[in-house]
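Computed from the coordinates by the stated procedures, all read-outs in this text should not be read as laboratory data. Keep in mind it's a predicted model, so treat the numbers as computed, not measured. Note that each Cβ is placed from the backbone with ideal geometry, even for glycine, and that neighbours are counted across all protein chains shown.
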Amino acid sequence: MDSTDNNKILEVKNLKTYFYTDGGVVKAVDGVSFDLKVMETLGIVGETGSGKSVTALSILRLIKQPPGKIVEGEILFNGNNILDMNIRELQDFRGNRISMIFQDPMTSLNPVFTVGNQIMEAIIAHRNVDKKTARIESYKLLEMVGIPDLKRRFTSYPHEFSGGMRQRVMIAMAIANSPDILIADEPTTALDVTIQAQILELMEELKEKTNSSIIIITHDLGVVAKYADRVMVMYAGKAVEFSDVGTIFYKPCHPYTLGLMESITRLDETKREQLKPIEGTPPSLIDLPEGCVFRLRCRYAIEKCRKEYPPFVEIEKGHFAACVRAQEFLSGSLSRVKK
Amino acid sequence: MTDNNKLLEVKNLKKYFNLRGGFLFQKSQGTVKAVDDISFFIRKGETFGLVGESGCGKSTTSRVILKLTAPTSGHAYYKGEDIFKMNNHELFKMRREIQIIFQDPYASLSPRMTVGDIISEPLEIHRISDKKSRISKVKELLKTVGLNPEHINRYPHEFSGGQRQRIGIARALALTPKLILCDEPVSALDVSVQAQILNLMNGLQKEFDLTYLFIAHDLSVVKHVSNRVAVMYLGKIVEVANSEDLYKSPLHPYTMGLLSAVPIPDPEAEKQRKRIILEGDVPSPIDPPSGCRFHPRCPNAQEICSKSEPELKNYDLSGNEHLAACFFAGKPI
């Protein structure tokens with residue numbers, strides 16, 4: 001990626017995170033590279049087991065070791081490699097410069113502490129303030145994320161909150177120290193559609209207010225289309241395509257991205273016709289096929305795909321793809337089926 | 001019943017759950033009105049979609065229709081006969097014709113049984129054919145749903161989510177049913193696999209002349225598969241219409257909000273769209289709001305909405321049916 005760009009707040013280079021299990025080595029993330037710009041929303045999409053969440057956890061070094069291990073790569077935050085930090089630096093860093101919102105708001109809050117307490121904890125951990133200031137600050141945060149009836153809610157326990165409200169609390173905790181990057185791992189998957197819309201709007205609003213960058217991990221292409229500036233598509237632990245959102249949706253150059261676009265049901269389509277699914281199922285991460293990982297499900301596979309995994313290269317400015325036929329898609333000599 | 005095409009008709013169905021709590025005396029702590037007076041019908045050969053958010057009573061409805069749980073009151077007519085008045089023998093016979101596919105392909109298959117046992121169990125229970133021909137029937141079913149017949153002796157854990165859902169479908173097909181209740185059949189699956197299952201279900205419908213009740217919370221999936229759609233909110237049906245009409249010109253403000261909340265996978269279209277965000281949470285069904293249950297979240301709510309409950313009325317004058325339960329149906333929000 002273009003290294004002259006000073007706008008980058010995060011740069012991940014050739015990240016490899018493996019899990020050493022009894023069944024063999026699971027290559028959950030296998031050579032992923034991307035960057036995140038200031039005030040940008042980056043969407044990471046992919047199916048279950050494609051390595052989206054492990055990528056996010058690796059950035060914060062939250063991979064449990066053993067069985068997991070970051071075996072290779074660099075994660076540069078403002079030029080400093082997160083993988084070189086010692087534990088003190090790391091604790092200072094997590095939740096302060098980069099914070100995370102998890103998928104399940106039911107299990108990511110501590111059930112035995114009040115909500116107010118948990119937010120205060122996040123503030124006190126990183127800032128040299130007394131309890132009183134932290135309390136006032138927490139009130140402000142809860143108000144910012146739209147929790148009604150503050151006085152009572154501050155001393156409530158998580159089980160007294162609905163799913164949407166809990167996710168709001170999680171967001172309040174995550175933005176407590178105005179981080180530079182907010183990583184949201186499927187933040188709305190456990191929520192109903194109307195609540196999902198509320199939470200996503202809130203995140204968008206807060207991003208404007210705090211000038212932070214967001215990495216949003218999701219399998220919902222609608223969410224990506226609406227909120228992301230750039231998108232990385234992952235498949236079987238690898239990044240297969242990376243570009244701005246328009247390119248990914250309108251002129252994808254990797255057959256997997258193409259297949260994804262064709263297989264979704266859309267609210268705005270008028271005709272009820274057969275969907276075009278991607279045949280087969282994702283491969284086991286322990287026993288990946290030789291050559292391209294997508295080869296066995298690919299409609300465009302050729303002999304060359306058997307031999308080696310295609311490198312993730314820039315096929316046009318700012319557009320990366322890992323497919324031997326990407327150039328053909330790009331030039332139009334290999335036709336994409338019209339949507 | 002004048003319409004002979006109605007395969008299933010549900011009338012004034014109610015299902016309440018009593019909440020009991022306390023240590024010794026199990027005092028009643030209120031009633032959850034999971035399904036509260038709903039009526040709808042399904043025509044032969046169509047796919048009827050039932051959408052709504054969690055807790056609105058979609059799944060309870062499907063369970064009550066099969067009498068897997070007893071209704072509080074109301075009727076469900078299958079081919080004109082009231083399911084709730086059937087004796088055990090009649091119920092047994094009826095269940096041959098109505099089958100169900102569950103949401104979670106991991107929890108709905110017994111891990112201790114082989115695929116062959118799972119699919120042939122309904123045949124065994126209903127004493128259809130001898131063991132030998134059962135095996136060939138199972139193999140045929142596996143082929144029908146796109147699985148390898150040689151995998152008949154494998155266990156569910158050896159299959160992926162999508163393949164397990166295919167096994168669930170094969171089991172539902174084993175008794176050559178007329179009506180299949182599909183309770184969120186694809187919501188646990190990845191998009192690329194979702195499309196495979198939806199296509200399979202579509203093909204099977206044509207091949208075996210099936211009728212589906214398709215329950216889901218994903219509006220775009222429901223739109224894709226259904227001929228007619230009912231929208232549920234807190235135990236009530238708030239709107240019923242042909243799929244096209246419902247999505248093109250929704251009448252109930254909840255439907256409008258729901259449709260607007262779903263982001264479209266198209267960045268350009270999404271930029272131009274104006275979204276309406278419904279505020280607040282779905283209230284608890286234990287103590288639902290008075291009058292129209294949607295009124296605390298409704299941008300159009302007036303005084304009358306909190307006082308009396310709107311009835312489902314037909315707003316389509318062209319002969320089609322487009323029902324909505326709202327005093328201000330069709331008013332944009």
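Mind checking the angle between helix A:193-210 and chain A's longest principal axis? C-alpha axes, 0 to 90 degrees, to the nearest 10.
The answer is roughly 80 degrees.
Using a basic spin-label model with each label point 7 Å from the Cα along Cα→Cβ, how many nm lie between B:Asn242 and B:Ile333?
Taking the two extended label points, one gets 2.5 nm.
Springs between alpha-carbon pairs under 10 angstrom, Gaussian network model over chain B: which of B:Cys298, B:Cys182, B:Cys56 fluctuates most?
Among B:Cys298, B:Cys182, B:Cys56, the largest GNM mean-square fluctuation belongs to B:Cys298.
Can you give me the Rg/Rh ratio for segment B:130-287, using Cα atoms for both radii and the Kirkwood formula for Rh?
1.05
Does segment B:71-215 come out rounded, prolate or oblate, given a ≥ b ≥ c as the square roots of the eigenvalues of its C-alpha gyration tensor, rounded meaning a/c under 1.5 and, failing that, prolate meaning a/b above b/c?
Oblate is the answer for segment B:71-215, as a/c is 1.5 or above yet b/c matches or exceeds a/b.
Roughly how many Å is it from the Cα centre of segment B:68-137 to that of segment A:76-102, as a whole number?
55 Å
If you fit an axis through the alpha-carbon atoms of helix B:131-144 and take the longest principal axis of the Cα set of chain B, what angle between them do you get, 0 to 90°, nearest 10?
Tilt relative to chain B: about 50 degrees.
Straight-line reach only, C-alpha to C-alpha below 27 angstrom: list the lysines that A:Lys151 could link to, leaving out same-chain residues fewer than 8 apart.
Excluding near neighbours in sequence, the set is A:Lys131, A:Lys132, A:Lys140, A:Lys207, A:Lys209.
Give me a single rounded figure for A:219-225: the average over its residues of other chain Cβ atoms within 10 Å of their Cβ.
Average per residue, whole number: 5.
Relative to 2.2 N^0.38 Å, what does the C-alpha radius of gyration of segment A:21-67 come to as a ratio? Two decimals please.
1.33
If you take every residue apart from A:Asp149 with its C-beta less than 14 Å away from the C-beta of A:Asp149, what net charge results, scoring Lys and Arg +1 and Asp and Glu -1?
Cβ neighbours under 14 Å give a net charge of +1.
Enter the per residue convex hull volume of segment B:222-272, computed from alpha-carbon coordinates, in Å³ rounded to the nearest integer.
Expressed per residue, the convex hull around the Cα atoms of segment B:222-272 is 88 Å³.
Which value does Rg/Rh take for segment A:45-104 over its C-alpha atoms, Rh per Kirkwood?
Using only Cα positions, Rg/Rh for segment A:45-104 is 0.96.
Please compute, for the alpha-carbon atoms of segment B:80-158, the extent along each of the three principal axes and give them in descending order in Å.
Reported extents, whole Å, longest axis first: 42, 30, 22.
Over all residues in A:188-195, what is the mean tally of Cβ atoms on other chains that come within 10 Å of each residue's Cβ?
For this peptide, the per-residue mean of nearby foreign Cβ atoms is 6.
What percentages make up the Cα-Cα pair-distance distribution of segment A:59-174 when the bins are 10 Å wide from 0?
Taking all Cα pairs of segment A:59-174, the binned fractions are 13, 39, 30, 17, 2 percent.
Please give me the summed charge of the neighbours of B:Glu309: other residues whose Cβ is under 13 Å from its Cβ, Lys and Arg +1, Asp and Glu -1.
Neighbour charge sum, excluding B:Glu309 itself: +2.
Please quote Rg/Rh for the protein assembly as shown to two decimal places, taking the Kirkwood radius as Rh and restricting both calculations to Cα atoms.
On the Cα set of the protein assembly as shown, Rg over Rh gives 0.97.
Using 23 Å as the Cα-Cα cut-off, could you pick out the over-long pairs in A:Lys8/A:Lys317; A:Lys52/B:Lys271; A:Lys317/B:Lys274; B:Lys93/B:Lys137; B:Lys79/B:Lys139; B:Lys67/B:Lys307? Don't skip to the answer; put the middle values down first.
Values: A:Lys8/A:Lys317 16 Å; A:Lys52/B:Lys271 26 Å; A:Lys317/B:Lys274 32 Å; B:Lys93/B:Lys137 20 Å; B:Lys79/B:Lys139 31 Å; B:Lys67/B:Lys307 34 Å.
Going by Cα-Cα distance, A:Lys52/B:Lys271; A:Lys317/B:Lys274; B:Lys79/B:Lys139; B:Lys67/B:Lys307 fall outside the 23 Å limit.
Expressed as a fraction of 2.2 N^0.38 Å, the rule-of-thumb size for a compact globular protein of N residues, what is the C-alpha radius of gyration of segment B:1-152?
1.28
Counting Lys and Arg as +1 and Asp and Glu as -1, what is the net charge of the other residues whose Cβ lies under 14 Å from the Cβ of B:Phe84? If you can, show how the numbers build up before the last one.
Values: positive: B:Lys11, B:Lys14, B:Lys15, B:Arg63, B:Lys67, B:Lys85, B:Arg95; negative: B:Glu9, B:Glu81, B:Asp82, B:Glu90.
My count for the surroundings of B:Phe84 gives +3.
Can you list, bin by bin at 10 Å, the percent of alpha carbon pairs in chain A, starting at 0?
Once binned at 10 Å, the Cα pair distances of chain A give 5, 24, 32, 24, 11, 3, 0.
State the antiparallel share, in %, of DSSP beta bridges confined to segment A:1-125, rounding to the nearest 5.
In segment A:1-125, DSSP labels about 95 percent of beta bridges as antiparallel.
Relative contact order for chain A using alpha-carbon pairs under 8 Å, separation at least 6, rounded to a whole percent?
Relative contact order for chain A comes out at 19 percent.
Which value in deg cm²/dmol, rounded to the nearest 500, describes the helix-derived mean residue ellipticity at 222 nm for chain B, given -39,500 (n - 2.57) per DSSP H run of n ≥ 4 and division by the residue count?
After summing the helix terms and dividing by residue count, I get -9500 deg cm²/dmol.
Calculate how many DSSP beta bridges within the protein assembly as shown are antiparallel, expressed in % of all such bridges and rounded to the nearest 5.
Percentage antiparallel, nearest 5: 65.
Sort B:32-44, B:305-317, A:43-55, B:82-94 for me by packing, meaning the mean count of neighbouring Cβ atoms within 10 Å per residue, highest on top.
Values: B:32-44: 20.2, B:305-317: 14.4, A:43-55: 23.5, B:82-94: 12.6.
Per-residue Cβ counts within 10 Å, averaged per peptide and sorted highest first, yield A:43-55, B:32-44, B:305-317, B:82-94.
Tell me, what is the FRET efficiency for B:Lys131 and B:His157 to the nearest 0.05, using R0 = 35 angstrom and their Cβ-Cβ distance as r?
The computed FRET efficiency comes out at 0.90.
With a point put 7 Å past each Cα toward its Cβ, work out how far B:Phe17 is from A:Phe113 in nm, to one decimal.
Distance between label points: 3.2 nm.
Report the dimensions of segment B:255-322 along its three principal axes from the alpha-carbon atoms, largest first, rounded to Å.
42, 36, 21
Evaluate peptide B:273-281: per residue, the Cβ atoms of other protein chains within 10 Å of its Cβ; return the mean as an integer.
Numbers: counts 2, 0, 4, 2, 7, 5, 3, 6, 9.
Partner Cβ neighbours, averaged per residue: 4.
Please sort A:288-300, B:167-179 by packing, taking for each peptide the average over its residues of neighbouring beta carbons within 10 angstrom, highest first.
Packing proxy ranking, top to bottom: B:167-179, A:288-300.
Given R₀ = 25 Å, what would the calculated FRET efficiency be for B:Glu121 paired with A:Ser284, taking r from the Cβ atoms and rounding to 0.05? Please report the intermediate quantities before stating the final value.
Numbers: r = 29 Å, r/R0 = 1.17.
Working from the Cβ atoms, E equals 0.30.
In Å and whole numbers, how far do the C-alpha atoms of chain B stretch along each principal axis, longest first?
Ordered largest first, chain B gives principal extents of 68, 58, 49 Å.
Quick check: the angle from helix A:131-144's long axis to the longest principal axis of chain A, C-alpha only, nearest 10 degrees?
50 degrees
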